[in-house]
Amino acid sequence: MSIIAEGAAEIAARAERELEALVAVSSPSGDTPGAEEAIAVCVALLPPRAEIERVPCSTPKSASDLIARIPGTGSGRMLLLGHLDTVIAHASHALLRRDGDRLYGPGTADMKGGVVLSLGVARTLSAHPELFAELSVLLVTDEEWRTVDFAHVERFAGYDACLCFEAGERTADGGEGVVVRRKAAGTLRLAAVGRASHSGSAPDQGRNALLALARAAQLLAEHHDPGGSDRLSVVPTRIRSGDALNVVPAAGDLVFDMRADRVEAFDSVLAAIPPDIGGVALEPRMERRWPGMDSMGQTAELLERASERLGRPIAGVGRGGASDASHFASTIPLTIDGLGPRGGGAHTPEEFVLAPSLVERAEVALAVAVEALSDGA
């Protein structure tokens, strides 16, 4: 039996129980005890000879990230990448439950299901040290809420391949899809500074921050152009202003989520922000600038070989959502994402993965990993 079939069968035989254990841990971004417990579960699932290291997280005051290194006797170096934090708060946490082929639970698709597969791939490859010089697993604790620079790019510079295990998908024709292209992501926060006054006796003496932000939302949303050359999307997602029912709001803030093929495309939105609207000062701040990734050209031959090894097609696809894989794509040309199980409902109480996809996506991941390591040989 091949390393693909045998390894995937072993991964799948354990995956549901391992996912149950990991989902049982509530680990929303920023919660240190939850992150530490999730990391403890993952350490127990790593190959016995993995060398464990805890390194500072990119986000201050978050639990330290986990790096596991497995030495080999070959020549290629590969990074397996994932995150353990979820957006589901403790109050909404639930244990894993099965309904037919669906396994429901917080973070199942984004991305504890993928983490389980990455650890299984690490165990399978660990039994074949001749395939690699070094195999590393990086699990971070802040992916869902990070607004600072990513701390780990230089640490893995020069690696031959990076495989990230965000949720997988089918292509339009039913083939196996892996993500090789992602948009850049930007979070823009616009603060408004106006002047308070009594909304009944002196409404016109104030400078209404809420009105200014509402106008700014419409003004900047005019730059939304997903069909344009940069495929730029500009979406107001949150507005906050005012503290009382009878006071002209003096302050507030407005948040935009922006996506584009190039980070530089966000500059046109920033340049369109006026210094004030109706006497209310506007103070913009970019809280997040995540790069895009496009490794379609670099990975085409690899995916063709992996398809032959697997016996069914694996196609590179694009996805709009952000991922830590994008940070590595500029320094690790063979960067491939979307190797996790298929599912849906990410970031909602109805998040799920499809149980049959656990073995199918384990096969995909192993086929891609073995071929990527042969590139680095």
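Data table
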| read-out | value |
| --- | --- |
| Estimated dipole of the stretch 7-152 in Debye, rounded to 20 [Cβ of Lys and Arg +1, of Asp and Glu -1, Cα centre] | 240 debye |
| Cα centre as origin, Lys/Arg/Asp/Glu Cβ charges: the stretch 185-289 dipole, Debye | 220 debye |
| Built amide H within the under 5 Å cut-off of ARG288, gap 5+ | THR187 |
| Difference of contour (0.36 nm per residue) and Cα-Cα distance, ARG49 to ASP267 | 73.7 nm |
| Within a Gaussian network of the chain (alpha carbon springs, distance under 10 Å), most fluctuating of ALA167, ALA68, ALA209 | ALA209 |
| Burial ordering of CYS42, CYS162, fewest other beta-carbon atoms within 10 Å first | CYS42, CYS162 |
| Residue-wise HN-Hα coupling along the stretch 331-337, computed from phi with Karplus coefficients 6.51, -1.76, 1.60 (Hz; x: Gly, Pro) | 10, 10, x, 7, 10, 10, 10 |
| Whether the stretch 179-220 is rounded, prolate or oblate, judged on the alpha carbon gyration tensor where a/c under 1.5 counts as rounded | prolate |
| Cβ-defined net charge surrounding SER229, 11 Å radius [Lys, Arg +1; Asp, Glu -1] | -1 |
| Segment ALA40-VAL235, length gained on full extension (0.36 nm per residue, minus Cα span) | 66.4 nm |
| Between 0 and 90°, nearest 10: helix 296-310 axis offset from the chain longest Cα axis | 40 degrees |
| Residues of the stretch 1-40 with amide N under 11 Å of the 7 Å Cα→Cβ point at HIS90 | 26-28, 31-34 |
| Likely footprinting exposure, ILE4, ILE314, fewest C-beta neighbours within 10 Å first | ILE4, ILE314 |
| Sorted by Cβ density within 10 Å, fewest first, the residues ASP85, ASP375 | ASP375, ASP85 |
| Cα-based shape type of the stretch 185-289, given that a ≥ b ≥ c are square roots of the gyration tensor eigenvalues and the cut on a/c is 1.5 | prolate |
| Contour minus Cα-Cα distance for THR147 and ALA300 (0.36 nm per residue) | 51.9 nm |
| From phi via Karplus (6.51, -1.76, 1.60), per-residue ³J(HN,Hα) for the stretch 56-61 in Hz, x at Gly/Pro | x, 6, 4, 8, x, 6 |
| Net +/- balance of residues flanking GLY76 in space, Cβ distance below 13 Å, scoring K and R +1, D and E -1 | -4 |
| Angle in degrees between helix 209-221 and the longest Cα principal axis of the chain, rounded to the nearest 10 | 50 degrees |
| Listed residues SER27, ILE70, GLY340: farthest to the positive end of the dipole of the chain (Cβ charges) | SER27 |
| Cα lying deepest toward the dipole's positive end in the chain, options GLY311, LEU373, ASN208, charges on Cβ | ASN208 |
| Sum of -39500 (n - 2.57) over DSSP H runs of 4+, divided by residues of the chain (222 nm, nearest 500) | -9000 deg cm²/dmol |
| Unit charges on C-beta of K, R, D, E only; dipole of the chain, Debye | 560 debye |
| Net charge contributed by nearby residues that have their C-beta within less than 14 Å of THR32 (K/R +1, D/E -1) | -4 |
| Amide H partners (placed H, <5 Å) of TRP145, local residues excluded | none |
| Crossing angle, helix 356-376 versus the chain [Cα axis fit, 0-90 degrees, rounded to tens] | 80 degrees |
| Per-residue ³J(HN,Hα) for the stretch 94-103, Karplus 6.51 cos²θ - 1.76 cosθ + 1.60, θ = phi - 60°, Hz, x for Gly and Pro | 8, 7, 5, 9, 9, 9, x, 8, 9, 10 |
| Listed residues GLY7, LEU117, PRO56: farthest to the positive end of the dipole of the chain (Cβ charges) | PRO56 |
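Coordinate-derived values only; no laboratory data. If you're wondering where the values come from, they're calculated on a predicted model, not measured in any experiment. Neighbour counts run over all protein chains shown; Cβ positions are idealised from the backbone, glycine included.
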